[in-house]
1. Restricting attention to the range 9-42, which residues are surrounded by 14 or more Cβ atoms within 10 Å (Cβ to Cβ), of a type in the set (A, V, I, L, M, F, W, C) and more than 23 Å from Pro66 (Cβ to Cβ)?
2. Taking the criterion of being among the polar types (S, T, N, Q), at pLDDT 95 or above and under 23 Å from Met13 (Cα atoms), would at least one residue in the range 72-83 satisfy it?
3. All but one of (1) at pLDDT 90 or above; (2) more than 16 Å from the chain's Cα centre (by Cα) hold for Ala92; which doesn't?
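The values are calculated or read from the model by the stated rules, or taken from the named source; none is laboratory data. What you see is a predicted model; the values in this text were computed from it and never measured. Positions of Cβ are generated from backbone atoms using ideal geometry, with glycine treated the same way; all protein chains shown enter the neighbour counts.
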Amino acid sequence: MADFSIEILFRNMDHSGAVEADIRKKIASLERFSDHIVDCRVVVDAPHKHHHKGGLYDVHINISMPGPDIVINRTGSRDHAHEDVYVAIRDAFAAAVRKLEDHVRKARGDIKTHSTGRS
């Protein structure tokens, strides 16, 4: 499992072992992109707890590593698919993977440069 610190928080909702297990699985998959991760903090927020249906989950991910942290703030207010906590988590981690891949490419110097001159 992960060689870094993991913190998972639930706000405005009850703790769910199944949701936590899903998050831990997704965190573990981040290791294949970088072995420089220091810690990962995930907050799942159900800001509209007073609604019985239609609440949209917000997922915040902060990945600490050398250089700038990777921060993902996925708010469900725009996407009704985020009424499902697993969809909200999936989308947030997909965004985290894209940012992590970009971070690793930049760190390796694999950034494409566009030539402005003519040959």
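1. Answer for the range 9-42, where residues must be surrounded by 14 or more Cβ atoms within 10 Å (Cβ to Cβ), of a type in the set (A, V, I, L, M, F, W, C) and more than 23 Å from Pro66 (Cβ to Cβ): Phe10, Met13, Val19, Ile23.
2. No, that holds for no residue.
3. Unmet condition: (2).
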